[in-house]
Amino acid sequence: MEYFDLEDPFTSLKEHQSDTISALFSSESDHMPSQNYLQCLKTSDFYVSFRQEAISLILQLVLVGQAQYSCNLDPYTPYLAVNYMDRFISRQDIPQGNPWVLRLLVIACISLAAKMKEIHFSSSNFQREEGFIFDAPAIQRMELLILDALNWRMRSVTPFSFICFFMSLFELKDPPLTQALKDRASNIIFQAHEINLLEFKPSILAASALLLASHELFPLQFPSVETSILSCEYVNKESLLKCFNATQDMVVNQISESIVDTVSSSSTRTPLSVLDCHCTKAESESTTSTMGATAMAEKREIKRRKLNDFCSESTRVQISQIQPFG
(Lines give C-alpha, C1' and ligand atoms only; values in the text may rest on other atoms or scores of the structure.)
Protein backbone atom coordinates (compact mmCIF):
# COMPACT_ATOMS: atom_id res chain seq x y z
CA MET A 1 0.00 0.00 0.00
CA GLU A 2 2.85 2.38 -0.74
CA TYR A 3 0.85 4.46 -3.19
CA PHE A 4 -2.86 5.00 -3.22
CA ASP A 5 -5.42 7.68 -3.87
CA LEU A 6 -6.54 9.23 -0.56
CA GLU A 7 -10.19 9.23 -1.59
CA ASP A 8 -10.25 5.91 -3.46
CA PRO A 9 -7.30 3.67 -2.52
CA PHE A 10 -8.40 0.90 -4.88
CA THR A 11 -8.18 2.84 -8.13
CA SER A 12 -4.45 2.29 -8.60
CA LEU A 13 -4.24 -1.08 -6.91
CA LYS A 14 -6.27 -3.47 -9.00
CA GLU A 15 -3.82 -6.31 -8.43
CA HIS A 16 -4.07 -8.13 -5.10
CA GLN A 17 -7.22 -6.16 -4.41
CA SER A 18 -8.50 -8.60 -1.78
CA ASP A 19 -5.29 -8.15 0.22
CA THR A 20 -5.54 -4.40 -0.20
CA ILE A 21 -9.13 -4.34 1.05
CA SER A 22 -8.28 -6.43 4.08
CA ALA A 23 -5.26 -4.26 4.88
CA LEU A 24 -7.31 -1.09 4.56
CA PHE A 25 -9.99 -2.29 6.96
CA SER A 26 -7.32 -3.53 9.36
CA SER A 27 -5.51 -0.20 9.43
CA GLU A 28 -8.44 2.19 9.75
CA SER A 29 -8.25 2.28 13.56
CA ASP A 30 -4.72 3.68 13.25
CA HIS A 31 -6.19 6.81 11.68
CA MET A 32 -8.76 7.51 14.38
CA PRO A 33 -8.46 9.59 17.57
CA SER A 34 -7.33 7.72 20.69
CA GLN A 35 -9.94 5.66 22.49
CA ASN A 36 -10.25 7.98 25.47
CA TYR A 37 -10.83 11.04 23.27
CA LEU A 38 -14.60 10.65 23.22
CA GLN A 39 -14.68 10.42 27.00
CA CYS A 40 -12.56 13.55 27.19
CA LEU A 41 -15.00 15.45 25.00
CA LYS A 42 -17.90 14.27 27.14
CA THR A 43 -16.32 15.42 30.37
CA SER A 44 -14.24 18.48 29.45
CA ASP A 45 -15.91 21.70 28.38
CA PHE A 46 -12.53 23.08 27.37
CA TYR A 47 -11.85 20.35 24.81
CA VAL A 48 -15.40 20.53 23.45
CA SER A 49 -15.10 24.29 22.97
CA PHE A 50 -11.57 23.98 21.57
CA ARG A 51 -12.68 21.38 19.01
CA GLN A 52 -15.76 23.34 17.96
CA GLU A 53 -13.76 26.54 17.49
CA ALA A 54 -11.04 24.69 15.57
CA ILE A 55 -13.51 23.07 13.16
CA SER A 56 -15.29 26.38 12.65
CA LEU A 57 -11.98 28.12 11.94
CA ILE A 58 -10.85 25.40 9.52
CA LEU A 59 -14.04 25.73 7.50
CA GLN A 60 -13.87 29.52 7.66
CA LEU A 61 -10.28 29.71 6.45
CA VAL A 62 -10.95 27.28 3.61
CA LEU A 63 -13.91 29.37 2.45
CA VAL A 64 -11.81 32.53 2.66
CA GLY A 65 -9.05 30.87 0.70
CA GLN A 66 -11.44 29.78 -2.04
CA ALA A 67 -13.21 33.13 -2.25
CA GLN A 68 -10.34 35.61 -1.89
CA TYR A 69 -7.16 33.82 -2.85
CA SER A 70 -8.36 31.29 -5.44
CA CYS A 71 -6.98 28.41 -3.38
CA ASN A 72 -7.92 25.06 -4.87
CA LEU A 73 -8.98 23.59 -1.53
CA ASP A 74 -11.63 20.98 -2.26
CA PRO A 75 -14.04 19.79 0.46
CA TYR A 76 -11.77 16.84 1.21
CA THR A 77 -8.96 19.14 2.32
CA PRO A 78 -10.75 20.59 5.38
CA TYR A 79 -12.07 17.13 6.24
CA LEU A 80 -8.49 15.82 6.24
CA ALA A 81 -7.42 18.82 8.35
CA VAL A 82 -10.14 18.04 10.91
CA ASN A 83 -8.97 14.43 10.99
CA TYR A 84 -5.42 15.57 11.77
CA MET A 85 -6.71 17.99 14.40
CA ASP A 86 -8.84 15.37 16.17
CA ARG A 87 -6.06 12.81 16.19
CA PHE A 88 -3.54 15.36 17.43
CA ILE A 89 -5.50 16.78 20.36
CA SER A 90 -6.51 13.24 21.37
CA ARG A 91 -2.82 12.49 21.94
CA GLN A 92 -1.49 15.88 22.97
CA ASP A 93 -2.20 17.98 26.04
CA ILE A 94 -3.47 21.38 24.90
CA PRO A 95 -2.37 24.25 27.15
CA GLN A 96 -5.20 26.48 28.29
CA GLY A 97 -5.04 30.26 28.32
CA ASN A 98 -3.12 30.53 25.05
CA PRO A 99 -5.62 31.47 22.32
CA TRP A 100 -2.90 31.50 19.66
CA VAL A 101 -2.43 27.73 20.03
CA LEU A 102 -5.76 27.01 18.34
CA ARG A 103 -5.02 29.20 15.33
CA LEU A 104 -1.51 27.82 14.91
CA LEU A 105 -2.82 24.25 15.10
CA VAL A 106 -5.52 24.98 12.54
CA ILE A 107 -3.14 26.61 10.07
CA ALA A 108 -0.67 23.74 10.44
CA CYS A 109 -3.41 21.12 9.92
CA ILE A 110 -4.68 22.85 6.78
CA SER A 111 -1.13 23.19 5.52
CA LEU A 112 -0.45 19.48 6.01
CA ALA A 113 -3.75 18.52 4.40
CA ALA A 114 -3.01 20.73 1.41
CA LYS A 115 0.44 19.13 1.05
CA MET A 116 -1.09 15.67 1.09
CA LYS A 117 -3.53 16.78 -1.60
CA GLU A 118 -0.68 18.45 -3.50
CA ILE A 119 -2.48 21.79 -3.36
CA HIS A 120 -0.67 25.11 -3.00
CA PHE A 121 -1.41 26.74 0.34
CA SER A 122 0.00 30.09 1.43
CA SER A 123 -0.37 30.51 5.18
CA SER A 124 0.42 34.23 4.94
CA ASN A 125 -2.85 34.85 3.10
CA PHE A 126 -4.82 33.62 6.11
CA GLN A 127 -3.17 35.84 8.71
CA ARG A 128 -3.50 39.30 7.25
CA GLU A 129 -6.42 40.40 9.40
CA GLU A 130 -5.66 38.40 12.53
CA GLY A 131 -4.07 39.42 15.81
CA PHE A 132 -1.56 36.56 15.70
CA ILE A 133 1.01 36.26 12.96
CA PHE A 134 3.09 33.10 12.64
CA ASP A 135 6.23 32.93 10.59
CA ALA A 136 7.13 29.93 8.45
CA PRO A 137 9.46 28.33 11.04
CA ALA A 138 6.75 28.46 13.73
CA ILE A 139 4.26 26.77 11.41
CA GLN A 140 6.84 24.17 10.41
CA ARG A 141 7.59 23.36 14.05
CA MET A 142 3.88 22.90 14.69
CA GLU A 143 3.65 20.65 11.65
CA LEU A 144 6.46 18.52 13.05
CA LEU A 145 4.65 18.22 16.38
CA ILE A 146 1.55 17.02 14.55
CA LEU A 147 3.53 14.60 12.40
CA ASP A 148 5.22 13.14 15.46
CA ALA A 149 1.97 12.77 17.41
CA LEU A 150 0.34 11.04 14.43
CA ASN A 151 3.34 8.76 13.86
CA TRP A 152 3.62 10.29 10.39
CA ARG A 153 0.42 8.52 9.32
CA MET A 154 -0.82 11.34 7.12
CA ARG A 155 -2.43 9.32 4.33
CA SER A 156 -5.48 9.09 6.52
CA VAL A 157 -7.95 6.30 6.03
CA THR A 158 -11.25 8.20 6.08
CA PRO A 159 -14.84 7.26 5.20
CA PHE A 160 -14.12 8.39 1.63
CA SER A 161 -11.64 5.53 1.34
CA PHE A 162 -14.55 3.08 1.50
CA ILE A 163 -17.28 4.77 -0.54
CA CYS A 164 -16.31 3.22 -3.87
CA PHE A 165 -15.72 -0.16 -2.27
CA PHE A 166 -19.20 -0.34 -0.77
CA MET A 167 -20.74 0.98 -3.98
CA SER A 168 -19.05 -1.84 -5.88
CA LEU A 169 -21.07 -4.33 -3.81
CA PHE A 170 -24.26 -3.23 -5.56
CA GLU A 171 -24.75 -1.96 -9.07
CA LEU A 172 -26.87 0.96 -10.16
CA LYS A 173 -27.23 0.80 -13.92
CA ASP A 174 -27.68 4.53 -14.43
CA PRO A 175 -24.37 6.46 -14.06
CA PRO A 176 -26.09 9.74 -13.10
CA LEU A 177 -27.91 7.93 -10.30
CA THR A 178 -24.66 6.37 -9.16
CA GLN A 179 -22.98 9.77 -9.06
CA ALA A 180 -25.94 11.30 -7.24
CA LEU A 181 -25.71 8.58 -4.58
CA LYS A 182 -21.97 9.09 -4.16
CA ASP A 183 -22.38 12.88 -3.98
CA ARG A 184 -25.11 12.70 -1.35
CA ALA A 185 -23.20 10.17 0.76
CA SER A 186 -20.08 12.34 0.52
CA ASN A 187 -22.07 15.39 1.56
CA ILE A 188 -23.33 13.56 4.65
CA ILE A 189 -19.76 12.59 5.55
CA PHE A 190 -18.51 16.14 5.08
CA GLN A 191 -21.08 17.29 7.63
CA ALA A 192 -20.36 14.48 10.11
CA HIS A 193 -18.41 16.40 12.74
CA GLU A 194 -20.67 15.44 15.64
CA ILE A 195 -18.81 14.26 18.74
CA ASN A 196 -20.83 11.05 19.03
CA LEU A 197 -19.76 10.00 15.53
CA LEU A 198 -16.09 9.91 16.50
CA GLU A 199 -16.44 6.46 18.04
CA PHE A 200 -17.25 4.81 14.72
CA LYS A 201 -14.68 3.49 12.30
CA PRO A 202 -14.44 5.29 8.95
CA SER A 203 -15.83 2.26 7.10
CA ILE A 204 -18.92 2.18 9.31
CA LEU A 205 -19.55 5.88 8.78
CA ALA A 206 -19.16 5.41 5.02
CA ALA A 207 -21.64 2.51 5.00
CA SER A 208 -24.11 4.51 7.11
CA ALA A 209 -23.86 7.52 4.80
CA LEU A 210 -24.49 5.35 1.74
CA LEU A 211 -27.47 3.67 3.37
CA LEU A 212 -28.99 6.98 4.40
CA ALA A 213 -28.34 8.50 0.98
CA SER A 214 -29.86 5.53 -0.83
CA HIS A 215 -32.95 5.64 1.36
CA GLU A 216 -33.36 9.34 0.68
CA LEU A 217 -32.78 9.19 -3.08
CA PHE A 218 -33.80 5.68 -4.16
CA PRO A 219 -36.15 4.11 -1.60
CA LEU A 220 -37.12 1.35 -4.05
CA GLN A 221 -33.50 0.25 -4.43
CA PHE A 222 -32.75 0.59 -0.73
CA PRO A 223 -33.43 -3.06 0.25
CA SER A 224 -30.86 -4.35 -2.21
CA VAL A 225 -28.32 -1.75 -1.10
CA GLU A 226 -28.93 -2.66 2.53
CA THR A 227 -28.57 -6.37 1.86
CA SER A 228 -25.33 -5.86 -0.05
CA ILE A 229 -23.70 -3.77 2.66
CA LEU A 230 -24.88 -5.92 5.55
CA SER A 231 -23.52 -9.03 3.84
CA CYS A 232 -20.01 -7.54 3.73
CA GLU A 233 -17.69 -9.55 5.95
CA TYR A 234 -15.98 -6.40 7.22
CA VAL A 235 -19.18 -4.76 8.52
CA ASN A 236 -20.29 -5.11 12.12
CA LYS A 237 -24.09 -4.96 11.98
CA GLU A 238 -24.57 -3.69 15.52
CA SER A 239 -22.08 -0.89 15.06
CA LEU A 240 -23.60 -0.02 11.68
CA LEU A 241 -27.09 0.25 13.16
CA LYS A 242 -25.87 2.50 15.94
CA CYS A 243 -23.94 4.69 13.53
CA PHE A 244 -26.84 4.85 11.09
CA ASN A 245 -29.16 6.14 13.81
CA ALA A 246 -26.59 8.71 14.97
CA THR A 247 -25.97 9.87 11.40
CA GLN A 248 -29.69 10.09 10.79
CA ASP A 249 -30.12 12.20 13.92
CA MET A 250 -27.42 14.54 12.64
CA VAL A 251 -29.20 15.00 9.31
CA VAL A 252 -32.56 15.54 11.02
CA ASN A 253 -31.06 18.15 13.35
CA GLN A 254 -29.41 19.95 10.47
CA ILE A 255 -32.67 20.02 8.55
CA SER A 256 -34.48 21.33 11.63
CA GLU A 257 -31.88 24.06 12.15
CA SER A 258 -32.13 24.99 8.49
CA ILE A 259 -35.89 25.31 8.77
CA VAL A 260 -35.57 27.52 11.84
CA ASP A 261 -32.91 29.67 10.22
CA THR A 262 -34.98 30.26 7.10
CA VAL A 263 -38.23 30.64 9.07
CA SER A 264 -39.79 28.17 6.66
CA SER A 265 -43.27 26.84 7.30
CA SER A 266 -42.93 23.87 4.97
CA SER A 267 -42.44 20.34 6.34
CA THR A 268 -39.41 18.35 5.33
CA ARG A 269 -39.62 14.58 5.00
CA THR A 270 -36.98 12.54 6.74
CA PRO A 271 -36.32 8.81 6.64
CA LEU A 272 -37.25 6.58 9.53
CA SER A 273 -34.84 4.10 11.01
CA VAL A 274 -34.84 1.46 8.33
CA LEU A 275 -32.13 -0.93 9.45
CA ASP A 276 -34.00 -2.26 12.46
CA CYS A 277 -37.51 -1.55 11.20
CA HIS A 278 -38.32 -1.90 7.50
CA CYS A 279 -40.77 0.83 6.57
CA THR A 280 -42.87 0.90 3.46
CA LYS A 281 -42.42 3.69 0.94
CA ALA A 282 -45.86 5.04 1.70
CA GLU A 283 -45.08 5.23 5.41
CA SER A 284 -41.82 7.05 4.90
CA GLU A 285 -43.32 9.53 2.44
CA SER A 286 -46.08 10.45 4.85
CA THR A 287 -43.76 11.09 7.75
CA THR A 288 -42.86 14.66 8.57
CA SER A 289 -39.64 15.73 10.19
CA THR A 290 -41.30 16.03 13.62
CA MET A 291 -42.85 12.58 13.43
CA GLY A 292 -39.62 11.12 12.11
CA ALA A 293 -37.59 12.57 14.95
CA THR A 294 -40.12 11.30 17.51
CA ALA A 295 -40.13 7.81 16.03
CA MET A 296 -36.36 7.63 16.02
CA ALA A 297 -36.18 8.81 19.61
CA GLU A 298 -38.55 6.02 20.65
CA LYS A 299 -36.71 3.33 18.71
CA ARG A 300 -33.14 4.18 19.61
CA GLU A 301 -31.65 2.43 22.60
CA ILE A 302 -29.14 4.93 23.88
CA LYS A 303 -26.90 3.46 26.51
CA ARG A 304 -25.69 6.17 28.81
CA ARG A 305 -22.95 5.40 31.25
CA LYS A 306 -21.13 7.45 33.81
CA LEU A 307 -17.73 8.42 32.59
CA ASN A 308 -14.67 8.28 34.75
CA ASP A 309 -12.41 11.28 35.00
CA PHE A 310 -10.45 11.63 31.80
CA CYS A 311 -6.89 10.45 32.03
CA SER A 312 -4.80 11.50 29.10
CA GLU A 313 -2.36 9.11 27.49
CA SER A 314 1.32 9.76 27.99
CA THR A 315 2.30 12.31 25.40
CA ARG A 316 5.49 12.22 23.43
CA VAL A 317 5.47 15.82 22.31
CA GLN A 318 4.56 19.10 23.88
CA ILE A 319 3.52 22.46 22.47
CA SER A 320 6.33 24.68 23.67
CA GLN A 321 8.80 27.23 22.44
CA ILE A 322 6.40 28.26 19.70
CA GLN A 323 5.21 31.81 20.00
CA PRO A 324 3.33 34.10 17.60
CA PHE A 325 4.30 37.59 16.67
CA GLY A 326 1.88 39.95 18.35
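Some points to look at:
- In region 159-262, the portion of solvent-accessible area held by carbon and sulfur atoms comes to 53 percent [1.4 Å probe, whole percent, DNA, RNA and ligands not counted].
- In the full protein context, region 159-262 carries 44 Å² of accessible surface per residue, based on a 1.4 Å probe and ignoring ligands, DNA and RNA.
- Using a simple spin-label model with pseudo-atoms 7 Å out from Cα toward Cβ, Ser27 and Gln60 lie 3.6 nm apart.
- Where Leu112, Leu241, Leu144 fall by accessible area, highest first, once all protein chains stay in place (1.4 Å): Leu144, Leu241, Leu112
- Reciprocal of mean inverse Cα separation for region 159-262 (Kirkwood radius, Å): 13.8
- Inter-label distance, Asp93 to Glu257: 3.3 nm, where each label sits 7 Å from its Cα along the C-beta direction.
- Structure note, pairs Lys115/Lys182; Lys182/Lys242; Lys42/Lys242; Lys182/Lys237; Lys117/Lys182; Lys42/Lys115: Cα-Cα distances above 30 angstrom occur for Lys42/Lys115.
The values are calculated or read from the model by the stated rules, or taken from the named source; none is laboratory data. As the structure is a prediction and not an experimental result, all values here were calculated from the model. Methodologically, a virtual Cβ is constructed for each residue, glycine included, from the backbone with ideal geometry; neighbour enumeration extends over all protein chains shown. Each accessible area value is taken on the protein alone, full model and side chains, heavy atoms only, with ligands, DNA and RNA left out. Shrake-Rupley method; radii C 1.70, N 1.55, O 1.52, S 1.80 Å.
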